Amino acid sequence: MRICVTASGNSLDAPVEPRFGRCPYFIFVDSETMAFEAVPNMAMNAMGGAGIQAAQLIASKGAKVLITGNVGPNAFQALVAAGIRIITGAYGTVREVVEKFKRGELRETGSPTVGGHYGRGAGMGRGWRRRYPPPY
Amino acid sequence: MIIAVASGKGGTGKTTVAVNLALSISNVQLLDCDVEEPNAHLLLNPKINRKEPVYIPVPTVNEKLCNYCGKCSEFCEYNAIFVGSNKILIFPELCHSCGGCALICPKKAISEKQHKIGTLNFGSAGNLELIYGKLEVGEPLAVPVIKAVKKQIKNDKNVILDSPPGTSCPVIETVKGSDYCILVTEPTPFGLHDLKITVEVLEDINIPFGVIVNRAGIGDRKVYDFCKEKEIPVLLEIPYERVIAELYSQGVPFSLKIPEWKEKFKMLIETVKEYAGK
């Protein structure tokens, strides 16, 4: 089975990146052979909708499971629509979390784990868009 | 004549100036373009005569025609479309209404529908005509609502535009096309910092401008030094006075209660007309 793990580096020993849409790399791992492919995340610097773009990418790569830290509401909807199982709250290296997954130690999430926001760098606070000007 | 009232920093007194200015002249239309948090109506208590929704076009997909090729999603610069293997999701709040997805769809499965993002409020307070836009909660695009507000401009009126703070797109949308821009600042390091940024913007889009110093008396002289150095006219100073603050706290425009201020705002308009060459 093809598993996608968000990572801050491009190898199996890279740490899991907690952000989904704006992680630096997606590591696609074959759970049987542990063969992997590291794909840089083109959505990392997207002005908006990074989670959706990222979901589109991993769906096109045929991943059945996503292991990451947190998933926002838009990405969650998209991943569900793509039939991808979502595991959040993961930490450690890519290799470690895939091993944990294979041992059945990771739980799927049934809802987004972080709130929505728009664009880079700021949470959904009042006035943030005034501090971080468009174009988005 | 169209006068925009803007500021880099928030809370400097844009609305105070815009409202008092509007109350001091005749044949006036006040447009509150701060559609994220309009507040001119709080000082004017207008009678709202009618409301009008503001829509933007967003895509809708006929799933009977869609073959999930994903070209729309690939095309969308704002990631507003997700295409799964047998499901398509549209995120209207990310859509910028370019219409490109409908054009690019090889199956002609995408058409556009109207999505409500805000409301125009048409009100009046005495002879003053007030129009303000209000963006829906959760909608990120202020600019189309500001455009809708500005569409209501009547060319034979003295038009005053109350701008949102900052220097981002909503501000540009508000001030562009104005004959003159009044920048309200306060004589503090924060006021000066944001004033400088706004001055750069206005120089760039080539709109004549002058400064009103509100809460004059606090802070330091650096705003004045900056204006002198850049040859920016200081049009008016509004002192940091208890009586003005008290009226404000009661939601009363101070020129209504202090007649000399009405005169000052009238004179201000004449000065602005001269600077704007009107």
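The values are calculated or read from the model by the stated rules, or taken from the named source; none is laboratory data. These numbers were taken from a predicted model, which means no experiment stands behind them. Using ideal geometry, Cβ is built from the backbone for each residue, glycine included, and neighbour counts are taken over all protein chains shown.
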Handout entry: All positions within segment A:75-85 that are facing another protein chain (nearest Cβ under 7 Å) and part of a helix (DSSP H, G or I)
Key = A:77, A:78, A:81
Practice task
Count, please, the residues in segment B:166-204 that happen to be among the hydrophobic types (A, V, I, L, M, F, W, C) and more than 20 Å from residue B:224 (Cα to Cα).
Solution key: 4
Handout entry: Residues of segment B:136-179 that turn out to be surrounded by 20 or more Cβ atoms within 10 Å (Cβ to Cβ), more than 10 Å from chain A (Cβ to nearest Cβ) and either free of Cβ contacts under 8 Å to residues at least 24 places away in the same chain or assigned to a loop (DSSP other than H, G, I, E, B) (or both), as a count
Key = 2
Practice task
Kindly check whether there is at least one residue in segment B:29-37 that is more than 14 Å from chain A (Cβ to nearest Cβ), in contact (Cβ under 8 Å) with a residue 40 or more places away in the chain and more than 30 Å from residue B:261 (Cβ to Cβ).
Solution key: no
Problem - Qualifying position, being touching a residue at least 40 places away in the same chain (Cβ under 8 Å), within 14 Å of chain A (Cβ to nearest Cβ), surrounded by 15 or more Cβ atoms within 10 Å (Cβ to Cβ) and not hydroxyl-bearing (Ser, Thr, Tyr), among B:63, B:112, B:93 - result: B:93
Completion exercise
Filter segment B:54-82 for residues that are of a type in the set (Phe, Trp, Tyr) and not in a loop (DSSP other than H, G, I, E, B); the one that is nearest to the chain's Cα centre (by Cα) is B:55
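Here is a yes/no grid of residues against (1) in contact with a Pro (Cβ under 6 Å, 6 or more places away or on another chain); (2) modelled with pLDDT under 95; (3) of a type in the set (D, E, K, R); (4) closer than 25 Å to residue B:131 by Cα:
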| site | (1), (2), (3), (4) |
| --- | --- |
| B:175 | no, no, no, yes |
| B:179 | no, no, yes, yes |
| B:186 | no, no, yes, no |
| B:191 | no, no, no, no |
| B:197 | no, no, no, no |
| B:201 | no, no, no, no |
| B:209 | no, no, no, yes |
| B:240 | no, no, no, no |
Exercise for the section: Tell me, please, whether a residue that is in a helix (DSSP H, G or I) and over 30 Å from residue B:190 (Cα atoms) can be found in segment B:42-53. Expected result: no
Fill in the blank from the handout: Within segment B:180-208, the residues that are closer than 22 Å to residue B:269 by Cβ and within 14 Å of chain A (Cβ to nearest Cβ) are B:198
Problem - Matching option when the condition is more than 13 Å from chain B (Cβ to nearest Cβ) and not in a loop (DSSP other than H, G, I, E, B), among A:29, A:114 - result: A:29
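Hey, among the residues in segment A:60-74 that are free of Cβ contacts under 8 Å to residues at least 60 places away in the same chain and surrounded by fewer than 24 Cβ atoms within 10 Å (Cβ to Cβ), which one's nearest to the other protein chains (Cβ to nearest Cβ)?
Per the stated criteria, the residue is A:60.
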